[in-house]
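Data first, discussion second: the structure below is written as structure tokens.
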Amino acid sequence: MEVTMKGLKLKHMAWGTLATILSFSCIFSVHAGQQMPSAVKKVVMASPFSPLIMPMAHILEEGLLDKVSKKVELVTWNTPDQLRAMLTRGEVDFVSVPSNVAAIFYNKGVNLSLARVSIWGVFYLISNDPSVTSLSQLKGERILVPFRGDQPDLLFQVISQSQGLDPLKDFNIQYVSSPLDVTMSLLAGKVDNALMIEPAAAMALIKAEQKELKFTRVIDVQKEYASAVGNNRGIPNAGVAVLPAAKKKRAVVETFLKAYDQSVQWTNENPKEAAELAARHIQGVNAKAFENALKYTDFRSVSGKDAQRDLELMFSRFLEINPKSIGGNLPSQGFYQ
């Protein structure tokens, strides 16, 4: 298989270390083999830095879309501005995205649909006190939380309130802009407790161990959420949206969704290989971190329609706390595919 990166044809390449993971963005292209007569010119998939990249990378490297497209690309997005550009310029067909972010753009008029929910749990509270088993034990403590007003913050508020705690009064919450900021603070010894997202949590724990710092996952947010809302099917964190560019490519959409389901299953059955694959596509993350993260990631592919009840339950809670987090309203029926 020949891989193209920004116009250069490469068969093997040793990637240099970049200053920061979250600034990394690259494009991989694979030329298709045998194709259907109606094969389109190009299909573009997009994913953030997360386990979500694994099934898309598998689709790319196994050529699972080669029969319906002459070229397949996988791009990464790292910032809201990059994602916004992808969603509005019509250059991307399928994007891995947090479910509430998909709802925001849908409510703003972007003709997308959430076709799959595949991440059902990636949040953990990390502490240097292994005796912590409940949020009440952390009253008065400082806790780092990434992405104010977004999923991590809102989920923390939902579970805190369900336990009779006021998240903004009973804890000393310090908001930071990204999981990378959380990791840096933990490793610098500036904080004892933090809400983390996989695979950033796995990376932080590996690096902490190397520095002989004793941090561990003490609270499983997924279990706390299940108790809070009375739903043990998981948290519908993220999945794949079909964008306007793909809406008219029926054969492409059907082939992609089938391939995506297969690739999620492959990821679960082959965690070591999936981790190595992800590490090849995101510079600065070693395979061990991704493999460890998969042990703490609820990864399963469910259609948007089948996940609708779970999504609306979570969206309803978010709507009460921060309406902007889902675009002001519950998405209409057309959102769920």
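When you scan the stretch 146-163, do you find a residue that is assigned to a strand (DSSP E or B), touching a helix residue (DSSP H, G or I) at 6+ places or on another chain (Cβ under 6 Å) and of a type outside the set (Lys, Arg), even just one? Yes - at least one qualifying residue is present in the stretch 146-163. Scanning the stretch 229-245 for residues that are outside any helix (DSSP H, G or I), more than 15 Å from the chain's Cα centre (by Cα) and either not β-branched (Val, Ile, Thr) or not assigned by TED's automatic domain parsing to the domain that holds residue 314 (or both) returns 230, 231, 232, 233, 243.
For beta carbons closer than 8 Å, sequence separation of 6+ or different chains, a first residue in the stretch 129-147 that is more than 12 Å from residue 193 (Cα to Cα) and a second that is of a type outside the set (Gly, Ala, Ser) and assigned to a loop (DSSP other than H, G, I, E, B), the qualifying pairs are 134/163; 136/163; 136/165.
Every residue in the stretch 189-228 that is more than 19 Å from the chain's Cα centre (by Cα), part of a strand (DSSP E or B) and hydrophobic (A, V, I, L, M, F, W, C), please. Scanning the stretch 189-228 gives 218, 219. Here 136, 69, 127 are screened, and the one residue that is more than 14 Å from the chain's Cα centre (by Cα), polar (S, T, N, Q) and farther than 30 Å from residue 171 by Cα is 69. For the stretch 235-259, a residue qualifies if it is in contact with a strand residue (DSSP E or B) (Cβ under 6 Å, 6 or more places away or on another chain) and under 15 Å from residue 119 (Cβ atoms), and the qualifying residues are 236, 237, 238, 239, 240, 241.
May I ask you to list pairs of residues, at least six apart or on different chains, whose Cβ atoms are under 6 Å apart, with the first in the stretch 226-238 being free of Cβ contacts under 8 Å to residues at least 24 places away in the same chain and the second being buried (at least 17 other Cβ atoms within 10 Å of the Cβ)? Cβ pairs passing all conditions: 232/226.
Scanning the stretch 263-322 for residues that are in contact (Cβ under 8 Å) with a residue 40 or more places away in the chain, closer than 14 Å to residue 235 by Cα and either among the acidic types (Asp, Glu) or part of a helix (DSSP H, G or I) (or both) gives 298, 310, 311, 313, 314, 315, 317, 318.
I'd like to verify a number: residues in the stretch 118-132 that are within 16 Å of residue 225 (Cβ to Cβ), of a type in the set (Ser, Thr, Tyr) and outside any strand (DSSP E or B), how many? Residues meeting the conditions: 0. The condition of being touching a Leu at 6+ places or on another chain (Cβ under 9 Å), modelled with pLDDT under 95 and of a type in the set (S, T, N, Q) holds for only one of 185, 177, 160, that being 185. Is it the case that residue 257 is surrounded by fewer than 19 Cβ atoms within 10 Å (Cβ to Cβ), out of contact with any Leu (no Cβ under 7 Å at 6 or more places or on another chain) and assigned by TED's automatic domain parsing to the domain that holds residue 41? So residue 257 fits the description; yes. Quick one: in the stretch 66-83, of everything that is among the acidic types (Asp, Glu) and closer than 30 Å to residue 178 by Cα, which residue is surrounded by the fewest Cβ atoms within 10 Å (Cβ to Cβ)? Looking at the filtered set, the residue picked out is 81.
The values are calculated or read from the model by the stated rules, or taken from the named source; none is laboratory data. Given the structure is predicted, the values throughout are model-derived calculations rather than measurements. Because the Cβ atoms are built from the backbone with ideal geometry, glycine has one as well, and the counts that use them run over all protein chains shown.
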